[in-house]
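Participant: The structure follows.
The values are calculated or read from the model by the stated rules, or taken from the named source; none is laboratory data. The structure displayed is predicted, hence computed values, not measured ones. Backbone-built Cβ (ideal geometry, glycine too); neighbour counts: all protein chains shown. Surface areas here come from the heavy atoms of the whole protein model, side chains and all, with no ligands, DNA or RNA. Shrake-Rupley method; radii C 1.70, N 1.55, O 1.52, S 1.80 Å.
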Amino acid sequence: MAHVNPKYRDREAMAPYNFVPLADKPLVAKDPLPHDRFAADDGSEAVYTGEFHCELTTETPCFVRGPLSAVESGDGQDAKNKPEFFSIDGGKTPRIPGSSLRGLFRGLVEIVSGSRIGDVSKRKLVYRAVDTTRLGVQYRNRIMEEVKKNFFVPRLRAGYIRKWKDEWYIQPAEEINGTTWCRIWERSIPPGLEPWPPEDVKRDCNVTKTSASQNGKTIYIQPGQSEFQEVRGGFLHIMFARALRASASPGVGLKVAALIPSGQMMSKRSEAIVFAPDNSKPAKEWWRLRYENPEGEEVALDKEYKEQITDQQRALLGPEGVLSDLQPVFYLVEKGRLTFFGHTMMLRLPYEHAPYDLMPDALKTDEQTEIDMADALFGYIGRRKNQPENTGARAGRVFFSDGQYRGNLPDPFEHEIKPQVLSTPKPTTFQHYLEQVKPDDKGELLNYDDPQARIRGVKQYWHRGAVNINQVEETDRKKLSHQSQYTRIRAVKPGARFTFSIRFEN
């Protein structure tokens, strides 16, 4: 299978990057000689030792940040506020570290030799799709069961994040009328609700110290029966219960629960309510957020959750999101195992496969039995399969000096600027990051749930030509008001010449 570009203009996508396709298998290197000899035992193998002298000229503004000093680091200063270029003379003379040059060259060698790529993520990406695309249908079928056409029963459950024996768990909520949660019309929410959890719930749960939920509110309700309710004007029918009565204080026939507003959303007219924690079940029956899957691999859902928290979620829930004792959550269980959790019913779910799973087997580092060209030249750490224990690491055979500035410009530095913010990579854009064989049919686009999908390759950014410093600088004052997003740099000008050497042994 190979990637196919769309034929129709309305299916084309623009991006500042593209991909170099992966090889089906790596170019294998001869087993390198040990570092204590310069020829094979029988003298049959030729070896080469020498040095390249190189010159590098910047064609656009170039920046390599200098490190914080021990004093600056001790004072808690942020590196992004240190605009000086890397140097060894207090910022007077720019210098390109040999480690930066080495990383640049290794990346190129990996591409041209089809070597294995060691930093492809093994973490499953998370997604949410609330549309009618193929992915949207897949998402809907995971969180709801369609019992008959357009009649759905949610698979999601409600509960509470709990800290027990220094580990995170989910304690299920009480089941009332066949469900652990209900919904309430926004217009029916009583005023003056206190923060969640109330003192009697903390006491019943043996919780002595916990901060109040940032978004959760204590509410007292009379829940109705769980039954099919009309959604989208009757086009869909989803089974859930509604709160028949609600109050900000206890009352006859009312049960304590947690109202969990999910934030602003167009056309939303109701909020979710999670019933109180079910203390009839012992902690050993709670859902642990870290566990071992059938393949013997550790699943750390708390870590995966923290890696996907958005700024909007932090603003709503706090810096750790829902990871706070007695914070109400929704969660999904599939095949008897906890899949994921979140503060709303439309929670993000992990795909079936991680990007690493969709690489050719011969390029996966876990399957490595032979040494490829990049490892033979630059070295590696980690024992290879079918290799003796004492080959768990090999030092590299190429050595890079720093790039030293040759002083060909009267002043090599640009003026200090705050550059435009570069967004982080978005591998969840599977339309770009995965090979697509039918790109003109959006119903046939492959995603990370498809076992036959394959990652596009090594991502590289298009060369932009003669960019000047004014094209890099952010000048929008409104954007610059977000201080935490911006860094300061003082780049080297185009046309600056540096020289360095690459020494090679064996």
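Participant: Please give me, ordered by residue number, the trypsin sites (Lys or Arg not before Pro) of segment 31-103 that lie in loop per DSSP and have at most 16 other Cβ atoms within 10 Å.
Facilitator: Details: sites: Arg37, Arg65, Lys80, Lys92, Arg95, Arg102; in loops: Arg37, Lys92.
The qualifying sites are Arg37, Lys92.
Participant: What is the percent carbon and sulfur in the accessible area of segment 1-109, measuring with a 1.4 Å probe over the protein chains and ignoring ligands?
Facilitator: Working: 4090 of 7600 Å².
About 54 percent, which is the carbon plus sulfur part of the accessible surface.
Participant: Do any GluC sites (Glu not before Pro) in segment 149-220 lie in a loop, going by DSSP, with at most 15 other beta-carbon atoms within 10 Å of their beta carbon, and if so which?
Facilitator: Numbers: sites: Glu167, Glu174, Glu175, Glu186, Glu199; in loops: Glu174, Glu175.
Qualifying residues, ordered by number: Glu175.
Participant: What longest range of the chain stays clear of loop-exposed chymotrypsin sites (Phe, Trp or Tyr not before Pro) (DSSP non-H/G/I/E/B, at most 13 other C-beta within 10 angstrom)?
Facilitator: That would be 236-461.
Participant: Over 21 Å between Cα atoms, which of Lys202/Lys284; Lys7/Lys442; Lys124/Lys426; Lys165/Lys217; Lys122/Lys426; Lys82/Lys306 qualify? Walk me through the intermediate numbers first.
Facilitator: Values: Lys202/Lys284 19 Å; Lys7/Lys442 13 Å; Lys124/Lys426 13 Å; Lys165/Lys217 27 Å; Lys122/Lys426 15 Å; Lys82/Lys306 28 Å.
As for pairs spanning more than 21 Å Cα to Cα, those are Lys165/Lys217; Lys82/Lys306.
Participant: Return the inverse of the average 1/r over all pairs of distinct C-alpha atoms in segment 72-169, which is the Kirkwood hydrodynamic radius, in Å to one decimal.
Facilitator: Working: mean 1/r = 0.0484 Å⁻¹.
The Cα-based Kirkwood calculation yields 20.7 Å.
Participant: Taking the alpha-carbon distance from Lys268 and a cut-off under 16 Å, which aspartates and glutamates remain once sequence neighbours fewer than 8 residues away in the same chain are dropped?
Facilitator: Asp131, Glu186, Glu230
Participant: Over segment 207-276, consider all pairs of different Cα atoms and compute the Kirkwood hydrodynamic radius from their mean reciprocal separation; express it in Å, one decimal. Display every interim value, and only then the final one.
Facilitator: On the way: mean 1/r = 0.0719 Å⁻¹.
That comes to 13.9 Å for segment 207-276.
Participant: Given N residues in segment 116-264, what is its alpha carbon radius of gyration divided by 2.2 N^0.38 Å?
Facilitator: Numbers: Rg = 18.7 Å, N = 149, 2.2 N^0.38 = 14.7 Å.
Scaled against compact globular proteins, the figure is 1.27.
Participant: Quick one: pull the percent of accessible area on segment 373-506 belonging to carbon and sulfur, 1.4 Å probe, ligands and nucleic acids left out. Working shown, then result.
Facilitator: Values: 3980 of 7810 Å².
Carbon plus sulfur share of accessible area: 51 percent.
Participant: I need the GluC sites (Glu not before Pro) found in segment 265-339, filtered to DSSP loop residues with at most 11 other beta carbons within 10 Å of theirs. Don't skip to the answer; put the middle values down first.
Facilitator: Values: sites: Glu271, Glu285, Glu292, Glu295, Glu297, Glu298, Glu304, Glu307, Glu320, Glu334; in loops: Glu295, Glu297, Glu320.
Filter output for segment 265-339: Glu295, Glu297.
Participant: Here's another thing I want to ask about it. How far is helix 134-143 tilted, in degrees, relative to the longest principal axis of the Cα atoms in the chain, given as a value from 0 to 90 rounded to the nearest 10?
Facilitator: 50
Participant: At 1.4 Å probe radius, can you tell me the per residue accessible area of the chain in Å²?
Facilitator: That works out to 57 Å² per residue.
Participant: Angle between the Cα long axis of helix 98-112 and the longest principal axis of the chain, 0 to 90 degrees, nearest 10?
Facilitator: For helix 98-112, the angle is close to 80 degrees.
Participant: Separate question: Please work out, to two decimal places, the log10 of the ratio I(q)/I(0) at q = 0.05, 0.07 Å⁻¹ from a Debye calculation in which every Cα of the chain carries one identical scatterer.
Facilitator: Scattering profile of the chain, log10 relative to I(0): -0.30, -0.57.
Participant: Would you calculate the volume per residue, in Å³, of the smallest convex hull containing every Cα atom of segment 201-354?
Facilitator: Spread over its residues, the Cα hull of segment 201-354 gives 168 Å³ apiece.
Participant: Separate question: Express the carbon and sulfur contribution to the solvent-accessible surface of segment 296-353 as a percent, rounded to the nearest whole number, probe 1.4 angstrom. List each step's numbers first, then the result.
Facilitator: Working: 1090 of 2340 Å².
Of the solvent-accessible surface of segment 296-353, carbon and sulfur hold 47 percent.
Participant: For Lys418, list the aspartates and glutamates whose Cα falls under 12 Å from its own Cα; do not include residues on the same chain fewer than 8 positions away.
Facilitator: Straight-line reach from Lys418, under 12 Å: Glu473, Glu474, Asp476.
Participant: Just the projected area, averaged over all directions, of the convex hull on the alpha carbon atoms of segment 392-506: how many nm²? Please list the in-between numbers first.
Facilitator: Working: hull surface 56.7 nm².
Projected area, direction-averaged: 14.2 nm².
Participant: Kirkwood hydrodynamic radius of segment 231-316 from all distinct Cα pairs, in Å? All intermediate terms of the calculation are to be shown ahead of the outcome.
Facilitator: Working: mean 1/r = 0.0572 Å⁻¹.
After inverting the pairwise mean of 1/r, the radius is 17.5 Å.
Participant: Still on this structure, I have one more. What are the extents of the Cα atoms of segment 168-235 along their three principal axes, listed from largest to smallest and rounded to whole Å?
Facilitator: Computed over segment 168-235, the largest-to-smallest principal extents equal 46, 27, 22 Å.
Participant: Something else now. Hey, any idea what Rg/Rh is for segment 1-128, computing Rh the Kirkwood way over Cα pairs? Intermediate results must be reported in sequence, preceding the final value.
Facilitator: Working: Rg = 22.3 Å, Rh = 20.9 Å.
For segment 1-128, the value is 1.07.
Participant: Restricting to Cα pairs below 8 Å that are 6+ residues apart, what does the relative contact order work out to for the chain? Please round to a whole percent.
Facilitator: Values: 926 pairs, mean separation 140.7, N = 506.
Relative contact order comes out at 28 percent.
Participant: A follow-up question, please. For a quick check: with amide H placed at 1.01 Å from N, whose amide H comes under 5 Å from Gly403's, ignoring anything fewer than 5 positions away on the same chain?
Facilitator: Answer set, sorted by chain and number: Ile96, Gly98.
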